[in-house]
Amino acid sequence: MIRVVPYQAKDKPLWDEFVARTKNGVFLFRRDYMEYHRDRFHDYSLLFFADEKLVALMPANLTSDTLISHGGLTFGGVVSDERMKTPLMLEVFDALCAHLQTGKIKKLIYKATPHIYHDLPAEEDLYALFRHGARLIGRGVSSAVHLPCPAPVSKDRKGRIKQGQKGGLEIGRSEDYETFVAMVAQVLSAKHGLKPVHTAAEMRLLAGHFPKNIKLFAASRNEQMLAGVLVYESKNVAHAQYISSTDEGKETGAPDLLLDHLITEYSSTKRYFDFGISTEDNGWHLNTGLISNKEGFGARALLYDVYEMTP
């Protein structure tokens, strides 16, 4: 029998220790990351025990009568270690459904972890979703470079990279989160009428908690930031959480040179460079210009799927 236990603060050491040894867990699931925005979400993360041994976790938050895994994360379904096998996952989902029914929770929104973030094959949850009649309600298309064997870089990207090489630009780490966030905010506001999810203070806080995982890189000239990329590093993937540039930076090829530099540098330590999604409206709208730019670096399609399940 699987026992389902809602997360409490006292479980933090147990939770974080388990995440560290899972086959599909990333630092985003650590409590210090999840709780920086605890004021925005009603946390309802779950722990699953079999014979009093922890066998799985699920980062989640509760909104009315709907459980989301997790509204503050890009992805994050059931997290498990190498001991997880398909029959056990079916038991986990049976117990999850029973728990939701007892709590009068009518719906589960499940944001599956893309396969490139798995250390070992970990799609037992997708089979369990199928068995429980879950339906696909969102399919974001990201673009990822397979670093050991990338697709060719386009002629246009090569031209812009060469332009950047001639522009007297300096590439390196940066701690100037204020300038970077202001750059991101300006671009999001102008193009989409949106604001960055993270403030400069939040970025600095998170980078302080996870200095090996969250890094800001910049292309600058005369100490002026012209382009920046905030990278989230997991074991196998370098993910571009934010990419931004000033108008001057675009004219000089600064973002192209910076991204080419990062892809080259990470090719010795990671398997993938993930640019993030180029879709809106749960995947129904594809920003063809945006995805074309990413694919120009040798990236190809990676799916971020979202399911809806009634317990």
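What is the Rg over Rh value, at two decimals, for the stretch 131-281, using alpha-carbon atoms and the Kirkwood definition of Rh?
Details: Rg = 16.3 Å, Rh = 16.4 Å.
Over the Cα atoms of the stretch 131-281, Rg/Rh equals 0.99.
If you take all C-alpha pairs in the chain, what percent of them are over 32 Å apart?
On the way: 14337 of 48205 pairs.
In whole percent, the long-distance tail amounts to 30.
Per DSSP helix of 4 or more residues, -39500 (n - 2.57); summed, then divided by the residues of the chain. What does that give at 222 nm, rounded to the nearest 500? Write down the numbers at each step before the final one.
On the way: 10 runs with 102 residues, N = 311.
So the calculated ellipticity at 222 nm is -9500 deg cm²/dmol.
Which semi-axes, in whole Å and largest first, does the equivalent ellipsoid of the stretch 1-155 have when worked out from the alpha carbon gyration tensor as the square roots of 5 times its eigenvalues? List each step's numbers first, then the result.
On the way: eigenvalues 133, 63, 60 Å².
Result for the stretch 1-155: semi-axes of 26, 18, 17 Å.
Taking the C-alpha atoms of the stretch 94-151, how large are the radius of gyration and the largest Cα-Cα span, Dmax, in Å?
Using the Cα atoms of the stretch 94-151, the pair Rg, Dmax is 15.4, 50 Å.
If you project the alpha carbons of the stretch 178-244 onto their three principal axes, what span does each projection cover, largest first, in Å?
34, 29, 22
When the accessible area of the chain is computed with all protein chains present and a 1.4 Å probe, what percentage of it is carbon and sulfur?
Values: 7840 of 15090 Å².
The value for the chain is 52 percent carbon and sulfur by accessible area.
Net charge near L100: determine it from the other residues with C-beta under 9 Å of the C-beta of L100, scoring Lys and Arg +1 and Asp and Glu -1.
On the way: positive: K104, K106, K107; negative: none.
Combined, the nearby Lys, Arg, Asp and Glu give +3.
Tell me, rounded to the nearest percent, the portion of alpha carbon pairs in the stretch 17-75 spaced more than 19 Å apart.
Roughly 30 percent, once rounded to a whole number.
Counting each pair of different Cα atoms once, what's the Kirkwood radius of the stretch 199-309 in Å, rounded to one decimal? If you can, show how the numbers build up before the last one.
Values: mean 1/r = 0.0652 Å⁻¹.
Kirkwood hydrodynamic radius for the stretch 199-309: 15.3 Å.
May I ask for the net charge around G77, where only other residues with Cβ less than 11 Å from the Cβ of G77 are counted and Lys, Arg are +1 while Asp, Glu are -1? Write down the numbers at each step before the final one.
On the way: positive: K111; negative: E123, E124, D125, D305.
Neighbour charge sum, excluding G77 itself: -3.
Using only alpha carbon positions, build the gyration tensor of the stretch 235-300, then give the equivalent ellipsoid semi-axes as the square roots of 5 times its eigenvalues, largest first, whole angstrom. Don't skip to the end; give the middle numbers.
Values: eigenvalues 80, 66, 18 Å².
The three semi-axes for the stretch 235-300 are 20, 18, 10 Å.
Mean separation of Cα pairs under 8 Å and 6+ residues apart, divided by the residue count of the chain: what relative contact order is that in percent? Before the final figure, lay out the partial values.
On the way: 602 pairs, mean separation 72.2, N = 311.
So the answer I get is 23 percent.
What do you get for Rg/Rh over the stretch 211-263 if you use C-alpha atoms and the Kirkwood form of Rh? If you can, show how the numbers build up before the last one.
On the way: Rg = 11.3 Å, Rh = 11.3 Å.
When Rh is taken as the Kirkwood radius, the ratio is 1.00.
Suppose all protein chains stay in the model; what accessible area per residue would a 1.4 Å probe give for the chain, in Å²?
Numbers: 15090 Å² over 311 residues.
I get 49 Å² per residue for the chain.
State the extension gain, in nm to one decimal, for the chain segment bounded by T310 and K235, taking 0.36 nm per residue of separation less the distance between their alpha-carbons.
On the way: separation 75, 0.36 × 75 = 27.00 nm, distance 3.32 nm.
Extending this stretch completely gives an extra 23.7 nm.
Express in Å², to the nearest 10, the accessible area of L194 obtained by rolling a 1.4 Å probe over the protein heavy atoms while all chains stay in place.
Probe radius 1.4 Å; accessible area of L194 about 100 Å².
The values are calculated or read from the model by the stated rules, or taken from the named source; none is laboratory data. Because the structure is predicted, anything quoted here is derived from the model rather than measured. Methodologically, a virtual Cβ is constructed for each residue, glycine included, from the backbone with ideal geometry; neighbour enumeration extends over all protein chains shown. With ligands, DNA and RNA removed, areas are computed over all heavy atoms of the protein, side chains included. Shrake-Rupley method; radii C 1.70, N 1.55, O 1.52, S 1.80 Å.
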